[in-house]
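Student: Can you keep this structure in mind? I'll have questions shortly.
None of the figures in this text is laboratory data; all of them are computed from the coordinates on show. What you see is a predicted model; the values in this text were computed from it and never measured. Please note: Cβ atoms are built from the backbone with ideal geometry, for glycine as well, and neighbour counts cover all protein chains shown.
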Amino acid sequence: MDKNWWKESVVYQIYPRSFYDSDGDGIGDIKGITEKVDYLKDLGVDVVWLSPVYESPNDDNGYDISDYKAIMKDFGTMEDWEELRDELHNRDMKLIMDLVVNHSSDEHYWFQEAKKSKNNPYRDYYIWHPGRNGREPNNWKSSFSGSAWEYDENTNEYYLHLFSKKQPDLNWENPELRREIYDMMKWWLDRGIDGFRMDVINFISKVPGLPDGKVKEGEKYASGSKYFRDGPRIHEFLQEMNEEALDLYNVMTVGEMPGVGVEEAQKYTDPSRNELNMVFQFEHMDLDSGPNGKWDLKPLELTDLKESITKWQVGLNGVGWNSLYLNNHDQPRIVSRFGNDKEYRLESAKMLGTFLHMLQGTPYIYQGEEIGMTNVQFDSIEDYEDIETLNMYKEKVEENGEDPASVMESIYAKGRDNARTPFQWNHTKHGGFTTGEPWIKVNPNYLNINAEQAVEDEQSIFHYYRELIRLRKKHPIIVYGDYQLILPDHEKIYAYMRNYEEQKLLVVCNFSDDEVEFKLPQEISFTAEESMIGNYGYGEFPSDSYAAFTLKPYEVRVYKGK
Ligand code: TEU
């Protein structure tokens, strides 16, 4: 397997709006991030991924871009951005930017022109269609509720928007549009960035004719994903993007790909195909979703997690490369989700971090994960800001007459604002995030859960994550070893081995609130030499008992041996 810097790195995702506000306007900004680069260096991460910082009307917090080459005024200036880049580079950290090119904002110049008339030169940069029997051109739904089409009165046609109506989809069939995107990418690459995270990049190629999807019983619109996910020209477009832009630079790429399967991901990440270094897949994030629409809840079955993770670990081994994540700005906080944020917050956060960082792939940490930030419950829907959450509430409660309390339960468990409450820096007002009024309320638990406390306390999740990152630098087996599941049917313990050259790692994770007996299956040959890390006083495990022991709630142990 080829060695690459991005395989050996740990990436830290920053959602700028919620990270640190340097000027007291209640909104996180770029200068705020620059003030915190030493905190990131101290944690030990190698790469920072910035969620969008471009000019945007903020219908979807920057994922609706109105100018790809300008910095959002709320976040600062291009000089601020250059300073951040330099401060990261001076500390040997890299910077990757979000590339959102499945859609733009409707306030982008291209769309402003496109909607002027049917023969405007920019018209074909977007996807326009006449209506069908006085209704939308097809039955696709938007990810953010309602139809995926919006009627434009002026030209008497509809435009496609897979997300909000302020996020019109770009028409990748148009070669001039593609050229503009590659030029824009080179413009950023020439400014010294180290790569891109590409938003919903497996949605950019749509099946010609945009056929209807199948409407589920009781629903108004259908998922059209069959006709735009991993579409007919996607691989061609990505290869072209490499030839025209990325190949000229030594950078990393990660494509966000809802619904992607492992076979398709093999193609996307096989280096000989020259498409992407890795993808964000969603299978493990969907295991606790029920069948009844958005954020329908279902408890996680550990055996499902094993099956899914194992499929990806084995499927990409030696073929492509995995990204590893349990959190991002769209997902609830993992300690509240697969862990226990009440009785075992520290233990379960450390166990989940170990589980993830010991797998094969590049780990991503989302801001606040390293201090064990949790989900939030605001009493009123008025306190929520996320467009997906607000649209979903409106559709379910106001249009379908569902019980508001049960809709709120879904939002508490799955809503995106769980990840977007301000970073908790210290125990002062608003968690030290801002001296003003924050754009979204701070989680009231900042008094106990904050970075200042975590940095001071040697037993904190923060210090534990530092150690996980340090270990990765020291032991190539963590990066390059292959993966082998053990105890596939156990409902509480997730255990696996890593193998590399003459070495082995044994990783044993208790995913439950109970004490559980672990016994190494007889057919597995392993002799422990040292205990590498653990969350109940590591280093103290008697080395002769590695093959059978009792795990405390959420305990994790990692042994290195032969
Ligand atoms: O997310 C795409 C995506 O997968 C989300 O729609 C996700 O499925 C959903 O939010 C889960 O509740 C990307 C960005 O990460 C997201 O923030 C943007 O809103 C979206 O694309 C549109 O750009």
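Student: Over region 34-172, what is the mean sequence separation of C-alpha contacts under 8 Å (at least six apart), divided by residue count, expressed as relative contact order in percent? All intermediate terms of the calculation are to be shown ahead of the outcome.
Tutor: Numbers: 244 pairs, mean separation 28.8, N = 139.
Once normalised by length, the contact order is 21 percent.
Student: With θ set to phi - 60°, apply the Karplus curve 6.51 cos²θ - 1.76 cosθ + 1.60 along region 31-46 and write out the HN-Hα couplings as whole Hz, x wherever there is a Gly or Pro.
Tutor: Per-residue couplings from phi come out as 4, x, 5, 4, 5, 10, 5, 5, 4, 5, 5, 4, 5, x, 6, 9 Hz.
Student: Highest mean first, what order results for 465-476, 215-226 on Cβ atoms within 10 Å? Before the final figure, lay out the partial values.
Tutor: Values: 465-476: 17.6, 215-226: 14.7.
Final packing ranking: 465-476, 215-226.
Student: Rounded to two decimals, what is the ratio between the C-alpha radius of gyration of region 480-561 and 2.2 N^0.38 Å?
Tutor: Output field value: 1.01.
Student: Turning to a different aspect of this structure: Rg and Dmax of region 231-321, Cα atoms, in Å?
Tutor: Every Cα atom of region 231-321 included, Rg and Dmax give 15.4, 46 Å.
Student: Sticking with this structure for a sec: Three principal axis extents, largest first, for the C-alpha atoms of region 410-562, in Å?
Tutor: Largest to smallest, the principal-axis extents are 60, 35, 27 Å.
Student: Let me ask something additional. If you scale each eigenvalue of the Cα gyration tensor by 5 and take the root, what three semi-axes come out for region 302-437, rounded to whole angstrom and sorted largest first?
Tutor: Details: eigenvalues 174, 90, 38 Å².
Result for region 302-437: semi-axes of 29, 21, 14 Å.
Student: Same structure, new question: For Lys94, what residues show an amide H to amide H distance below 5 Å, using hydrogens built from the backbone and excluding near sequence neighbours?
Tutor: Counting only residues 5 or more places away or on other chains, the set is Val47, Val48.
Student: Work out the charge dipole of the chain with +1 on the Cβ of Lys and Arg and -1 on the Cβ of Asp and Glu about the Cα centre, then indicate which of Gly361, Trp295, Pro521 is farthest towards its positive end.
Tutor: My answer, from the dipole projection, is Pro521.
Student: Under 5 Å between amide H atoms, partner at least 5 residues away or on a different chain: which partners does Trp172 have, H built in plane at 1.01 Å?
Tutor: Amide H neighbours of Trp172: none.
Student: So what's the net charge close to Gly368: Lys and Arg +1, Asp and Glu -1, counting the other residues with Cβ under 12 Å from its Cβ? Before the final figure, lay out each step's value.
Tutor: On the way: positive: Arg333, Arg420; negative: Glu369, Glu370.
So the surrounding residues net to 0.
Student: What ranking do 61-72, 99-110 get when scored by the average of other Cβ atoms within 10 Å per residue, highest first?
Tutor: Numbers: 61-72: 20.9, 99-110: 22.8.
Going by the mean number of other Cβ atoms within 10 Å, highest first, we get 99-110, 61-72.
Student: Give, as a single signed number, the net charge of other residues whose beta carbon lies under 13 Å from the beta carbon of Glu307, with Lys and Arg counted +1 and Asp and Glu -1. Present the calculation step by step, with values, prior to reporting the outcome.
Tutor: Working: positive: Lys306, Lys311; negative: Glu283, Asp286, Glu301, Asp304, Asp489, Glu491.
Spelling it out: positives minus negatives among the neighbours equals -4.
Student: Here's another thing I want to ask about it. Summing +1 for each Lys or Arg and -1 for each Asp or Glu, what net charge is found among the other residues whose Cβ lies under 12 Å from the Cβ of Ile33? Write down the numbers at each step before the final one.
Tutor: Values: positive: Arg17, Lys31, Lys36, Arg85; negative: Asp21, Asp29, Glu35, Asp38, Asp80, Glu83, Glu87.
Result for the local shell: -3.
Student: Using alpha-carbon pairs under 8 Å, 6+ residues apart, how would you state the relative contact order of the chain in percent?
Tutor: Working: 1171 pairs, mean separation 72.0, N = 562.
Answer for the chain is 13 percent.
Student: Related question: Too long at a 24 Å Cα-Cα cut-off: which of Lys3/Lys560; Lys165/Lys226; Lys69/Lys441; Lys94/Lys306? Spell out each step's value before the answer.
Tutor: Details: Lys3/Lys560 22 Å; Lys165/Lys226 21 Å; Lys69/Lys441 30 Å; Lys94/Lys306 32 Å.
Flagged as over cut-off: Lys69/Lys441; Lys94/Lys306.
Student: By per-residue mean of other Cβ atoms within 10 Å, what is the highest-first order of 133-145, 517-529? Walk me through the numbers before you get to the answer.
Tutor: On the way: 133-145: 17.6, 517-529: 13.5.
Averaged packing, sorted descending, gives the order 133-145, 517-529.
Student: Also, I was wondering about something else. Using only the C-alpha atoms of the chain, find the volume of their convex hull and express it per residue in Å³. All intermediate terms of the calculation are to be shown ahead of the outcome.
Tutor: On the way: hull volume 82.7 nm³, N = 562.
Value for the chain: 147 Å³ per residue.
Student: Please arrange Met497, Met351 by counting, for each residue, the other beta carbons lying within 10 Å of its beta carbon, fewest first. Let's see the in-between values first.
Tutor: Details: Met497 21, Met351 30.
Ascending number of Cβ neighbours within 10 Å: Met497, Met351.
Student: Take the cross-link list Lys220/Lys294; Lys216/Lys294; Lys220/Lys396; Lys7/Lys350; Lys220/Lys394; Lys118/Lys141 and give me the ones stretching past 18 Å between alpha-carbons. Present the calculation step by step, with values, prior to reporting the outcome.
Tutor: On the way: Lys220/Lys294 14 Å; Lys216/Lys294 13 Å; Lys220/Lys396 12 Å; Lys7/Lys350 22 Å; Lys220/Lys394 15 Å; Lys118/Lys141 25 Å.
Going by Cα-Cα distance, Lys7/Lys350; Lys118/Lys141 fall outside the 18 Å limit.
Student: Oh, and also: Let me know the charge dipole size of the chain about its Cα centre in debye, to the nearest 20, where only the beta-carbon of Lys, Arg (+1) and Asp, Glu (-1) is charged.
Tutor: Numbers: 63 positive and 102 negative charges, 209 e Å.
The calculated dipole for the chain is roughly 1000 debye.
Student: Can you spot the aspartates and glutamates whose alpha carbon is less than 12 Å from Lys186's alpha carbon? Ignore those fewer than 8 places along the same chain.
Tutor: Counting by Cα, and skipping residues close in sequence, Lys186 has these aspartates and glutamates nearby: Asp194, Glu243, Glu244, Asp247.
Student: Compute the acute angle (0 to 90°) between the alpha-carbon long axis of helix 78-90 and the principal axis of greatest extent of the alpha-carbon atoms of the chain; round to the nearest 10°.
Tutor: It works out to around 20 degrees.
Student: While we're here: On C-alpha positions alone, give me the angle between the axis of helix 234-244 and the longest principal axis of the chain, in degrees, nearest 10.
Tutor: Tilt relative to the chain: about 90 degrees.
Student: Hey, what's the Cα Rg ratio for region 109-160 versus the globular rule of thumb, 2.2 N^0.38 Å?
Tutor: Values: Rg = 11.2 Å, N = 52, 2.2 N^0.38 = 9.9 Å.
That ratio works out to 1.13.
Student: Something else now. What is the angle, in °, between the Cα long axis of helix 345-357 and the longest principal axis of the Cα atoms in the chain? Nearest 10 is fine, range 0 to 90.
Tutor: 80 degrees
Student: Restricting to bridges with both residues inside the chain, how much of the DSSP beta-bridge set is antiparallel, in percent to the nearest 5?
Tutor: Working: 41 of 66 bridges.
In the chain, approximately 60 percent of DSSP beta bridges are antiparallel ones.
Student: Below 8 Å between Cα atoms, with a sequence gap of 6+, how large is the relative contact order for region 340-472 in percent?
Tutor: Working: 130 pairs, mean separation 34.7, N = 133.
Relative contact order, region 340-472: 26 percent.
Student: Sort out for me the Cα centre separation of region 1-63 from region 130-200, rounded to whole Å.
Tutor: What the calculation gives is 25 Å, centre to centre.
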